[in-house]
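**Student:** Take this structure, written in structure tokens, and hold onto it; I'll ask about it next.
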Amino acid sequence: MTHDIRVTLEGRRYSRQLYVEGREVSSLGIHNLQMRVGKTAVKMGGIASVGTAREERGKGYSRLLFNDSMEWMHNEGFDCSLLFGIPYYYHKFGYHTCLPECRTTIALRDTEAATSSLTSRLYQTSDLPAVRRIYDKMSAGRSGSIVRDEKSRWFPHGSIHLRDLQIYVFESADREVMAYVAYDYTRDSSPLRHELISTEVGAVHPRYYHDIVYHAAQRAHAMRLEKVTFNTPPTSDFITLLSLYGAEQNTHYPAVAEGMGRIINLTSFFTKTLTEWTERAQHSRELSERASLRLETDIGVITLLWQEGAVTLSDTTTADTVARLPQYRLLQLALGYFGAENAGFLSDIEIEGDDTLFRALFPRRLPYLWISDHF
């Protein structure tokens, strides 16, 4: 079989097409993004728009293109990769669920106590610097979130890709932007639509989340809707505030689907995140002056050394603790999808030796990637 793979770049998105005997038979896109791991960031390849021509399916073309893309991302310096996938398919390429989904719903009748101290208006492009500062502040330290910069596409879609957004900002008396909210935009006010959906919220201080609740309640009332649903991180100040009003939270952990990820380059992933592991180790009250952890995965082996107040990579082949696990389990641990204290639940993780450093580095801290950044 004569085949070649062609790559084109548009903005931050690489398009990769597989040609067989001159015909395009399969394609996918790779978004070049920076994703936070705690307070650090790694180069992440966001896989999207995977497809094979109907008449060419079942011939292994998608697998061929995917496997080549894994090698290509490694050579291009990507540290890990995420995708939003159909159930029980992408695990064959080393991907596994690592992002929960969270929807918190508040009934309109429970918003009566909400008050407003700010003035709301529709978002303008000139508001972007202020909105970006708010986003950066609330996302700092949240694993899974995307680092947005001047080249990022802000609010490209709603809760589903084909749905538009309507964004509002909230100003103080001196016209400083203090908060923002993005809603699915729809003119549909039929009785079949019973909730208003928000895809992102942010504020310079949690006190201004009351303004967002008040605004959402007024908007829902005008649309004759019964509920407001916020898509937000499962652990956040905003969720805490909603719970004080009275709310219902639905956190979904897909089995082998939706937000899935894998490590592409083990060494570079951990090299770029050393300051995060150092900070976590420094906060541990159980660590001795020196400890080491050897991580043995299906894509390579690294050893982390804790000494003199810092975590570094070590060339030693021995360690106080050895953890044997698949690379996707290690990514789940690194992002906090589950914690080292839960590792004993899983048959594909083996721990030998003192696991103090292992537990200090990988606590459960649920990651989140805002819907606005889904690809």
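**Student:** Checking T271 against (1) crowded, with 17+ Cβ neighbours inside 10 Å; (2) in contact with a strand residue (DSSP E or B) (Cβ under 7 Å, 6 or more places away or on another chain); (3) not acidic (D, E), which test does it fail?
**Tutor:** So the condition that T271 fails would be (1).
**Student:** Another one. Kindly indicate the residue of segment 347-375 that is small (G, A, S) and touching a residue at least 24 places away in the same chain (Cβ under 8 Å) and also surrounded by the fewest Cβ atoms within 10 Å (Cβ to Cβ) among those meeting that condition. It would help to see each step written out before you state the result.
**Tutor:** Of the residues in segment 347-375, the ones small (G, A, S) are 347, 353, 360, 372.
Within this subset, residues satisfying the condition of being touching a residue at least 24 places away in the same chain (Cβ under 8 Å) are 353, 360, 372.
Values: G353: 16, A360: 22, S372: 22.
Here the residue is G353.
**Student:** Tell me, which strands (runs of 3 or more DSSP E) wholly within segment 109-212 include 3 or more residues that are over 30 Å from Y337 (Cα atoms)? Can you show your working first?
**Tutor:** Values: elements: 119-122, 165-171, 177-184, 195-203.
Where strands (runs of 3 or more DSSP E) fall fully within segment 109-212 and carry at least 3 residues being over 30 Å from Y337 (Cα atoms), they are 119-122, 165-171.
**Student:** Against the condition surrounded by fewer than 17 Cβ atoms within 10 Å (Cβ to Cβ), farther than 23 Å from N250 by Cβ, in contact (Cβ under 8 Å) with a residue 12 or more places away in the chain and not assigned by TED's automatic domain parsing to the domain that holds Q327, how does R121 come out, does it pass?
**Tutor:** yes
**Student:** Please go through (1) closer than 17 Å to P233 by Cα; (2) at pLDDT 95 or above for L128 and return the number of the only condition it doesn't satisfy.
**Tutor:** Failing condition for L128: (1).
**Student:** Further question: Have a look at A114, A182 and point out the one that is surrounded by 21 or more Cβ atoms within 10 Å (Cβ to Cβ) and in contact with a Phe, Trp or Tyr (Cβ under 6 Å, 6 or more places away or on another chain).
**Tutor:** Working: A114 fails: surrounded by 21 or more Cβ atoms within 10 Å (Cβ to Cβ).
It is A182.
**Student:** With R294, R290, R280 as the choices, which residue is under 24 Å from G141 (Cα atoms) and not aliphatic (A, V, I, L, M)?
**Tutor:** Working: R294 fails: under 24 Å from G141 (Cα atoms); R290 fails: under 24 Å from G141 (Cα atoms).
One residue alone meets the criteria, R280.
**Student:** Another question, then. Filter segment 232-273 down to the residues that are without any contact (Cβ under 8 Å) to a residue 60 or more places away in the chain and aliphatic (A, V, I, L, M) and list them by number.
**Tutor:** Listed by number, the residues that qualify are L241, L244.
**Student:** Right, next: Just the residues that are among the charged types (D, E, K, R) and not in a helix (DSSP H, G or I), please, taken from segment 230-272. Break it down stepwise before answering.
**Tutor:** Step one: list which residues in segment 230-272 are among the charged types (D, E, K, R), which gives 237, 248, 258, 262, 272.
Of everything in segment 230-272, those that are among the charged types (D, E, K, R) and not in a helix (DSSP H, G or I) turn out to be E248, E258, R262.
**Student:** Where residues in segment 328-354 are part of a helix (DSSP H, G or I) and of a type in the set (D, E, K, R), which of them is modelled with the lowest pLDDT?
**Tutor:** At the first step, the residues of segment 328-354 found to be part of a helix (DSSP H, G or I) are 328-335, 340-345.
Applying the additional criterion that residues be of a type in the set (D, E, K, R) yields 329, 341.
Details: R329: 98, E341: 95.
Looking at the filtered set, the residue picked out is E341.
**Student:** Taking the options R148, R153, R163, name whichever one is out of contact with any strand residue (DSSP E or B) (no Cβ under 8 Å at 6 or more places or on another chain) and either among the hydroxyl-bearing types (S, T, Y) or modelled with pLDDT under 95 (or both). Step through it out loud before you land on a result.
**Tutor:** Numbers: R148 fails: either among the hydroxyl-bearing types (S, T, Y) or modelled with pLDDT under 95 (or both); R163 fails: out of contact with any strand residue (DSSP E or B) (no Cβ under 8 Å at 6 or more places or on another chain).
Only one candidate passes the filter, namely R153.
Table: residues versus (1) in a strand (DSSP E or B); (2) at pLDDT below 95; (3) crowded, with 17+ Cβ neighbours inside 10 Å; (4) in the same structural domain as K43 (by TED's automatic domain parsing).
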| residue | (1), (2), (3), (4) |
| --- | --- |
| L65 | no, no, yes, yes |
| S69 | no, no, yes, yes |
| H74 | no, no, no, yes |
| G77 | no, no, no, yes |
| L82 | yes, no, yes, yes |
| P87 | no, no, no, yes |
| H91 | no, no, yes, yes |
| I106 | yes, no, yes, no |
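**Student:** Residue by residue through segment 1-58, note down the ones that are of a type in the set (V, I, T) and either on the phi > 0 side of the Ramachandran plot or at pLDDT below 95 (or both). Don't jump to the end; show me each part of the working.
**Tutor:** We begin by selecting, within segment 1-58, every residue of a type in the set (V, I, T); these are 2, 5, 7-8, 20, 25, 30, 37, 40, 42, 47, 50, 52.
Answer for segment 1-58, where residues must be of a type in the set (V, I, T) and either on the phi > 0 side of the Ramachandran plot or at pLDDT below 95 (or both): just T2.
**Student:** Next up: Might you check whether a residue that is touching an Asp or Glu at 6+ places or on another chain (Cβ under 8 Å), closer than 17 Å to D127 by Cα and either assigned by TED's automatic domain parsing to the domain that holds S120 or among the hydroxyl-bearing types (S, T, Y) (or both) occurs anywhere in segment 225-237?
**Tutor:** No, the conditions are met nowhere in segment 225-237.
**Student:** Does A222 satisfy the criteria of being small (G, A, S), buried (at least 17 other Cβ atoms within 10 Å of the Cβ) and more than 29 Å from Q327 (Cβ to Cβ)? Before you say what the answer is, go through the steps one by one.
**Tutor:** On the way: small (G, A, S): yes; buried (at least 17 other Cβ atoms within 10 Å of the Cβ): no; more than 29 Å from Q327 (Cβ to Cβ): yes.
Against the criterion (small (G, A, S), buried (at least 17 other Cβ atoms within 10 Å of the Cβ) and more than 29 Å from Q327 (Cβ to Cβ)), A222 does not qualify.
**Student:** Does V204 satisfy the criteria of being of a type outside the set (S, T, N, Q) and out of contact with any Ser or Thr (no Cβ under 8 Å at 6 or more places or on another chain)?
**Tutor:** Details: of a type outside the set (S, T, N, Q): yes; out of contact with any Ser or Thr (no Cβ under 8 Å at 6 or more places or on another chain): yes.
Considered against the rule, which asks whether it is of a type outside the set (S, T, N, Q) and out of contact with any Ser or Thr (no Cβ under 8 Å at 6 or more places or on another chain), V204 comes out as yes.
The values are calculated or read from the model by the stated rules, or taken from the named source; none is laboratory data. All figures in this text were calculated on a predicted structure; none of them were measured in a lab. Note that we place each Cβ from the backbone using ideal geometry, even for glycine, and neighbour counts take in every protein chain shown.
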